[in-house]
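Notes follow once the structure below has been shown.
The values are calculated or read from the model by the stated rules, or taken from the named source; none is laboratory data. In this text the structure is predicted, and so the values were computed from the model without any measurement. Neighbour counts are summed over all protein chains in view; Cβ atoms, including those assigned to glycine, are modelled from backbone coordinates with ideal geometry. We work out accessible area using only protein heavy atoms, side chains counted, and drop any ligands, DNA or RNA first. Shrake-Rupley method; radii C 1.70, N 1.55, O 1.52, S 1.80 Å.
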Amino acid sequence: MKNIKFLIVGIFFGIILSKAEVISWYRIYEMFKFQSFHMYGVIGSAVVLGSILMILFKKGIIKTYFGHKIHVDPKKKGFKRNMFGGIIFGLGWALGGACPGPMFILLGRGAAAIVIVLIGALFGAFLYHATKKHLPH
Amino acid sequence: MDFILQPWPWYVAGPLITLVMFLLFYLGKKFGVSSNLETICAIGGAGKIVDFFKFDWHKNTWNLMFILGTVIGGFITYQWLTPSEVVAINPQAVQDLADLGFQNAGAQYLPDEIFSTDTMFSLKGFLILIIAGILVGFGSRYAGGCTSGHGIVGLSNLEIPSLISVIGFFIGGLIMTWLLLPLIF
């Protein structure tokens, strides 16, 4: 089972987001109300440290376990796809209080209602690919 | 042990999320949760209807293992590492939510007004849950990433598409929180 290491990293990620209350609907509400620094601190500190990590990758100071240079694939360019997709995502994030990672973590807590959100998310991803020909990118 | 049982502050959680991103890169992969939605659709046979889903999903097995891990992590934390369900949110948020009809905001991780069993089987409650999911699934794949792929990896890599997406996340989130939630509740 060569994939077991990813299971372990996933367990670690699930514990982090649970313990930091990032999976709480209330923390997302509070963030969008600008009533707490918590979520900004979590995402902000991850990004600041992450950007240092990216420099170390680019300079080849940190390589993969296999000894390869780490190359980060760039995201797809296009203002409309990123802006419109982002806005639609944001509407759902603030309504359900969960982005995809927390949806799976909440499933592990036995929150039955999250099953409906997850089914919606799967259908949403399907719907995008079924309709993308007609969407502005 | 006491520290582990307390809620973790942002300056612990943020660097640990960076560590998760590092571990995945170190193992030759890239951190991103929402692409799993497409993988699960492909496994479920969506390729019969939409050609996009005909890709060989086996290459993404590592990521399915990762999200299976997050489910287990959620279970472990819920069972053994969370003695108190109270989320210490800003008292002003508690008041604002009370005005919308949310009782005891912050008493547990999820509000009963959206996630209780009674609510999920009501028409309005079901629609809120399913629509929230559809928006997240549709939007994340339209934008090509969610909070992990765009918010953490993309911003760390100083990518303009990710900056645009995150600005979009906030425009959508602010519209929902400030304008639509007061109409829905």
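Connecting C-alpha atoms closer than 10 Å in a GNM of chain A, tell me which of A:Tyr40, A:Tyr29, A:Tyr65 has the biggest fluctuation. Of A:Tyr40, A:Tyr29, A:Tyr65, the Gaussian network model singles out A:Tyr65 as fluctuating most. Take the stretch B:116-185 with all the other protein chains still there, run a 1.4 Å probe, and you get 39 Å² of accessible area per residue. When only Cα pairs below 8 angstrom with a gap of at least 6 residues are kept, chain B shows a relative contact order of 21 percent. B:Met120 sits with roughly 20 Å² accessible to a 1.4 Å probe, with DNA, RNA and ligands left out of the calculation.
When the Cα positions of B:Ile164, B:Ile114, B:Ile128 are compared along the charge dipole of the stretch B:74-185, B:Ile164 comes out farthest toward the positive end, with charges on each C-beta of Lys, Arg, Asp and Glu. Comparing B:Ser122, B:Ser140, B:Ser35 in a Gaussian network model of chain B, where Cα atoms under 10 Å apart are tied by springs, the biggest mean-square fluctuation is seen for B:Ser122. About its Cα centre, the stretch A:16-63 has a charge dipole of approximately 280 debye under the convention of +1 per Lys or Arg Cβ and -1 per Asp or Glu Cβ, with nothing else charged. Helices in chain A that qualify as membrane-span-like (whole DSSP H runs, Cα extent of at least 27 Å along the helix axis, mean Kyte-Doolittle hydropathy of -0.5 or higher) are A:38-58. Which shape class applies to the protein assembly as shown: rounded if a/c is under 1.5, otherwise prolate when a/b exceeds b/c and oblate if not, where a ≥ b ≥ c are the square roots of the Cα gyration tensor eigenvalues? Taking the square roots of the gyration eigenvalues as a ≥ b ≥ c, the protein assembly as shown is rounded. Counting only Cβ charges, +1 for Lys and Arg and -1 for Asp and Glu, the dipole size of chain B around its Cα centre is about 700 debye. Is chain A rounded, prolate or oblate when judged by the Cα gyration tensor, a ≥ b ≥ c being the square roots of its eigenvalues, rounded requiring a/c under 1.5 and prolate requiring a/b larger than b/c? Because its axes are fairly even, with a/c under 1.5, chain A counts as rounded. Going by accessible surface with a 1.4 Å probe and the largest first, B:Ile164, B:Ile43 read B:Ile43, B:Ile164. Summing charges over all other residues whose Cβ lies under 9 Å from the Cβ of A:Leu135, with Lys and Arg as +1 and Asp and Glu as -1, gives +4. Fully extending the segment from B:Lys59 to B:Ser122 would add 18.7 nm, taking 0.36 nm per residue of separation and subtracting the current Cα-Cα distance. For the protein assembly as shown, a simple Cβ point-charge model (Lys and Arg +1, Asp and Glu -1, everything else neutral) yields a dipole of about 1580 debye relative to the Cα centre. For the stretch B:108-162, the share of accessible area belonging to carbon and sulfur comes to 71 percent (1.4 Å probe, ligands and nucleic acids excluded).
Considering only alpha-carbon pairs that sit under 8 angstrom and 6 or more positions apart, the relative contact order computed for the stretch B:1-82 is 27 percent. Could you tell me which of B:Gln103, B:Trp62, B:Gly149 has its Cα farthest along the dipole of the stretch B:39-154 towards the positive end, charges placed at Cβ (Lys, Arg +1; Asp, Glu -1), taken about the Cα centre? Value: B:Trp62. Accessible surface buried at the B:A interface totals approximately 10500 Å², computed with a 1.4 Å probe on protein heavy atoms.
With the full set of protein chains in place, find how many percent of the accessible area of chain A is carbon and sulfur; take the probe as 1.4 Å. For chain A, the apolar C and S fraction of the accessible surface comes to 71 percent. In terms of its alpha-carbon gyration tensor, the stretch B:116-185 comes out prolate; a/c meets the 1.5 threshold, and the first ratio a/b outweighs b/c. Membrane-span-like helices of chain B, defined as complete DSSP H segments with a Cα extent of 18 Å or more along the helix axis and a mean Kyte hydropathy of at least 1.0, are identified as B:10-26, B:61-76, B:123-143, B:160-174.
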